[in-house]
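The values are calculated or read from the model by the stated rules, or taken from the named source; none is laboratory data. Computed from a prediction, not measured in an experiment: that's the story for all the values here. Using ideal geometry, Cβ is built from the backbone for each residue, glycine included, and neighbour counts are taken over all protein chains shown.
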Amino acid sequence: MNGAGMPYSDDQRQIERNVRIHDRVAADYEKMHDEIFNPVEQDRLRRALARAKEALRTGAERPRALDFGCGSGNLTRHLLALGFEVVAADISPAFLALIERRHAGQPVETHLMDGRSLASLADSAFDFAATYSVMHHVPDYLGAATEMGRIVRPGGIVYIDHEHSPSYWGADPAYRDFLRRASRFDWRKFLVPHNYYGKFRRMFVDPHYSNEGDIHVWPDDHIEWDEIEGVLRGEGFDTLFAEDYLVFRGRYRPEVYEEYRTRCTDMRVLAMRKAG
Ligand SMILES: C[S@@+](CC[C@H](N)C(=O)[O-])C[C@H]1O[C@@H](n2cnc3c(N)ncnc32)[C@H](O)[C@@H]1O
């Protein structure tokens, strides 16, 4: 079994499904994800990336970064602002076309991935390999972490962000309390027919069905951060920082978020550097 609880033989079908779904949502992706595209989260991300970049020891004048699973270019924009040349890589041609339109004339290349490995990228080709909210879509996410280690040169950094922290899966009472108090009631969800369909499918057909349709890692078989750190240590990396945080979402009451942001967490960011 792999990280998503699927036999490896099912991976190709899952990857093709992921390509279809992401191609379909590419144009509206940013509107659909206010947990990413809000000022609080963007500011946290900007600071975390800058901190990781400070720790680069490859000596490159114009460092080269991979945005693995780039989507519409959330990391790509930050990496450019930090002075990197960027390779934006994804399985979705629609996302890559969007990046090409948005970043024409900037030091950004796009790269179409097969979803199974990073084999098309050479050893030690990058100073910085970053990914944000992608690992839970990758059937063999430990293989992907190992490969991120392979393509980074000595002194370079692997940066993995926006995956659930262990306390999210651990049913922390403070977090449950936070969710109950923070979430504003949004009656618009009752107007979305797909929400009813999703509920029906989860109840009667497939408990792992996701409304967006793509694969996700589920509570009974989820991303294991210790194992990610373990495979990267095996590639010669040391941890720079591993920090849990509480992500801000548009539906939260800001004053409740402020009260709880130091009391509970639901996400983790990890940065590791390759010995050089
Ligand atoms: C939740 S989105 C995150 C996008 C972007 N990183 C961001 O910060 O908004 C997940 C991305 O992972 C890509 N993806 C899914 N499965 C993948 C795989 N096996 N290999 C590489 N990318 C994958 C999707 O096409 C999509 O762009």
Cross-chain or 6+ apart pairs with Cβ under 6 Å, region 132-150 first and without any contact (Cβ under 8 Å) to a residue 12 or more places away in the chain, then in a helix (DSSP H, G or I) and within 8 Å of the ligand (Cβ to nearest atom): none
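Just to check your reading of the model, which residue among THR146, THR131, THR110 is part of a helix (DSSP H, G or I) and either among the β-branched types (Val, Ile, Thr) or modelled with pLDDT under 95 (or both)?
Values: THR131 fails: part of a helix (DSSP H, G or I); THR110 fails: part of a helix (DSSP H, G or I).
Step by step, each of THR146, THR131, THR110 is checked, and only THR146 is part of a helix (DSSP H, G or I) and either among the β-branched types (Val, Ile, Thr) or modelled with pLDDT under 95 (or both).
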Quick check on region 56-78: of everything there that is free of Cβ contacts under 8 Å to residues at least 60 places away in the same chain and more than 11 Å from the ligand (Cβ to nearest atom), which residue is farthest from ARG20 (Cα to Cα)? GLU61
Matching option when the condition is surrounded by fewer than 22 Cβ atoms within 10 Å (Cβ to Cβ), farther than 23 Å from ARG47 by Cβ and either in contact (Cβ under 8 Å) with a residue 24 or more places away in the chain or small (Gly, Ala, Ser) (or both), among ASP206, ASP123: ASP123
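Examine region 43-51 for a residue that is among the small types (Gly, Ala, Ser), away from the ligand (no atom under 11 Å from the Cβ) and not in a loop (DSSP other than H, G, I, E, B), and state whether such a residue exists. Outline the logic, then answer.
Of region 43-51, the ones among the small types (Gly, Ala, Ser) are 48, 50.
Going one step further and asking which of them are away from the ligand (no atom under 11 Å from the Cβ), we end up with 48, 50.
Add one more test, that the residue is not in a loop (DSSP other than H, G, I, E, B), and what stays is 48, 50.
Yes - at least one qualifying residue is present in region 43-51.
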Let me spell it out: the conditions are (1) in a helix (DSSP H, G or I); (2) more than 10 Å from the ligand (Cβ to nearest atom); (3) of a type outside the set (Phe, Trp, Tyr); (4) surrounded by fewer than 21 Cβ atoms within 10 Å (Cβ to Cβ), and ALA104 meets all of them except one. Which number is the exception? (1)
